[in-house]
1. Rounded to the nearest 0.05, what FRET efficiency do SER133 and LEU188 give with R0 = 25 Å and r taken as the Cβ-Cβ distance? Could you check?
2. Where does the chain land at 222 nm, in deg cm²/dmol rounded to the nearest 500, when only DSSP H runs of n ≥ 4 count, each adding -39500 (n - 2.57), divided by all residues?
3. In whole Å, how far is the Cα centre of region 31-77 from that of region 154-229?
4. Which whole-number percent is the relative contact order of the chain (Cα, under 8 Å, 6+ apart)?
5. Sort by residue number and name the cysteines in the chain that have no neighbouring cysteine Cβ under 4.7 Å.
6. For ALA122 and ARG196 in the same chain, what is the full-extension length gain: residue separation times 0.36 nm, less their Cα-Cα distance, in nm?
7. To the nearest 0.05, how large is the calculated FRET efficiency for TRP246 and VAL4 if R₀ is 51 Å and r is the Cβ-Cβ distance?
8. Select from PHE91, PHE37, PHE119 the residue whose mean-square fluctuation is largest in a Gaussian network model of the chain (Cα-Cα springs shorter than 10 Å).
Amino acid sequence: MNRVFHDIAAAFQFLTRLPLNRLAYKPDALIRAAKFFPLIGLAVGAAAAGIYHLLSPHLPTAIVALLIVLFTTLVTGGLHEDGLADAADAFGGGWNRQQTLEIMKDSRIGSYGALAIAFSVASRVLLLTYIPSSIVARYVIAAEVLCRWTILPLGAALPGARKNEDQGGRIAGQVSFVSLAVGTLIALGTVGYLLRISMGKPVAAASVVTLLSGLYYKHRIGGITGDCFGATCQLTLIAVYFCGVWHG
């Protein structure tokens, strides 16, 4: 049980800004913690849903939606937004594999990256505003769970695109079948409990985004990087929110 708690804590340490710096570092901790990534989505989504229930009776829906997006961005330190921006700059400006990877490694944000972040934030706020109030909380949690689940199949199927990779890229090609199965059970169990028979669309949307983005990464750079994981997470959030609007 101590190992399980340590792995969950490592997952929180990597995917959020929670003060867990005292956690002892272990080289394989992140790989072992990957199966609990959907659980982190559950925690972040539940907190965001709590914000919705607390504020929605008193504020316009659009303002509450903006505050939810702000909260989820701050609690994760903009990890996935940063990945989306870097990936957008790289794939938008790179003409070949090497150039694409070099641009992705650059910490500066270019026009493609800025547009991608603006599109992501605007899309999430707009879609959250139009999801029916009776199901907003459920879709917020489902989206956070499914977006982090995408890391598992991508990490199982694709190798790292570069040798010296960041923490996220070290998961590439290292996610085991057991971790994928455990994480998938957590994700499907959570989404199934929340959405019941309506779970088909968001699960299908997350699967399609994962498949198409994975094929694109493989084609363009021969594998995946930490930034690519973040980009797919952001696209999945938008896709699941869209399913919530479609549901209504």
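1. On the way: r = 25 Å, r/R0 = 1.02.
For SER133 and LEU188, the calculated efficiency is 0.45.
2. That calculation yields -24000 deg cm²/dmol at 222 nm.
3. Between the Cα centres of region 31-77 and region 154-229 lies a distance of 21 Å.
4. 28 percent
5. CYS228, CYS243
6. Details: separation 74, 0.36 × 74 = 26.64 nm, distance 2.83 nm.
In short, 23.8 nm is gained.
7. Between TRP246 and VAL4 the formula returns 0.90.
8. Per the Cα network of the chain with a 10 Å cutoff, PHE119 tops the list.
Quick note: the coordinates plus some simple rules give every number you see, no bench work behind them. Worth saying up front: this structure is predicted, and the values here are computed from it rather than measured. Glycine also receives a Cβ, built like all others from the backbone with ideal geometry; neighbour counts cover every protein chain displayed.
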